[in-house]
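To start, the structure under review is shown below, and the notes come after it.
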Amino acid sequence: MPSNPSPFEPYPGVGRHWRNRFGGPVRRVSLDAGLSCPNRDGTVGRGGCLFCDPASFSPSAGDPRPVAHQLAEGIGRLRARGVTRVAAYFQPHTNTHAPLDTLRRVWDACLPFSEVVALCVGTRPDCVPGPVLDLLAGYADRWEVWVELGLQSAHDPTLALLRRGHTAADFADAAARARARGLKVCAHVILGLPGEGPEHEKRTARFLAGLGVEGVKLHQLAVVRGTALEALWRRGEVRVLAEGEYVDRAARFLRRLPPDTVIHRLVGDTRADRLLAPVFDRNRVIAAVRARIGKGE
């Protein structure tokens, strides 16, 4: 039986989406495949994106153990909490940036685990060539496969400022090719980017709605220690959203998406020892966005 609608209606959260599909709770297990990023190793650029520090948002970043060991530990931890279904989430860095044989080995490591019902692969829109998407599509008869593509903004000047190394058109192309193979696409978007206001975010939401992506993951612009963004923020060249501003802009963004869009995240979660600003009460933000949507404000 489907679970009762949450106060997040009309937008389904990924937890409810998975519960309805698989008949019980599903939780992600974050995995580090030991891969790099083309925006760090010189393929596209060096130094990474303006805001990025993988260790600040991914609990598995830097874990040197084989994927199967990480996954087994995560499954055991969740089983102790009564969760028997998991999504294998390849989170830090660019998880399609490797030869096909390497990628097959990485993803095949999840096959022996009957608890895995979904595969989520975080990557970049300029790093999903056809053969890689074909390989991912080969797992779709066993798992629900999500390709998580970092967009951040649909505006090319903003992407250039962030040192993303790709364009909005690259994202549209990657999303179309993934969806044509039956893969689900989750777009990552950052609200409160430098030089962007509600109008820019409205156009990004409409861009994604027009592409028909199945999911969206929202984050606030976060200033993390050691990133290039930190220096700009300390000089006063970049400001971050206050909690109330983020709630307002997140709710506005969501209302411009098709109502069946699966929301994978409402607010980013950054390690406290690395985060400089903004400091949000994550649970309060989630509740406030849900309430705002529920009232139709």
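Remarks
- Restricting segment 196-252 to GluC sites (Glu not before Pro) that sit in a DSSP loop and have at most 13 other Cβ atoms within 10 Å of their own Cβ leaves E237.
- Couplings for segment 117-126, taken from phi via the Karplus curve 6.51 cos²θ - 1.76 cosθ + 1.60 with θ = phi - 60°, read 10, 9, 10, 10, 10, x, 7, 10, x, 9 Hz in order; Gly and Pro are left as x.
- Extension gain, D156-F113: 0.36 nm per intervening residue step, less the Cα-Cα distance, totals 11.4 nm.
- Residues of segment 106-129 with amide N under 20 Å of a point placed 7 Å along Cα→Cβ from D269: 116-123
- Segment 11-88 and segment 221-288: distance between their alpha carbon centers, rounded to Å: 20
- Rounded to the nearest 500, the helix-only mean residue ellipticity at 222 nm of the chain stands at -10500 deg cm²/dmol, with each DSSP H run of n ≥ 4 adding -39,500 (n - 2.57).
- At full extension, R79 and R21 could sit 18.9 nm farther apart than now, given 0.36 nm per residue minus the alpha carbon distance.
- Spatial separation of Cα centroids for segment 91-117 and segment 165-211, in angstrom: 24
- Label of the coordinate-derived value, Cα Rg over 2.2 N^0.38 Å, listed as [x] 0.95; [y] 1.02; [z] 1.09: [x]
- Sum of side-chain charges, E230 neighbourhood, beta-carbon under 15 Å (Lys, Arg +1; Asp, Glu -1): +4
- Per-peptide average of other Cβ atoms within 10 Å, ordering 283-291, 184-192 highest first: 184-192, 283-291
- Couplings for segment 85-90, taken from phi via the Karplus curve 6.51 cos²θ - 1.76 cosθ + 1.60 with θ = phi - 60°, read 10, 9, 9, 6, 10, 7 Hz in order; Gly and Pro are left as x.
- With contacts taken as Cα pairs under 8 Å and at least 6 residues apart, the chain reaches a relative contact order of 20 percent.
- Derived scalar couplings ³J(HN,Hα) [segment 155-172; Karplus, 6.51 cos²θ - 1.76 cosθ + 1.60; whole Hz; x for Gly, Pro]: 10, 4, x, 5, 4, 5, 4, 6, 6, 5, x, 9, 10, 5, 5, 4, 5, 4
Laboratory data are not the source of any read-out in this text; all were calculated from the coordinates shown. Since this is a predicted model, take the numbers as computed values, not measurements. As a convention, Cβ positions derive from the backbone with ideal geometry for all residues, glycine included, and neighbour counts pool all protein chains shown.
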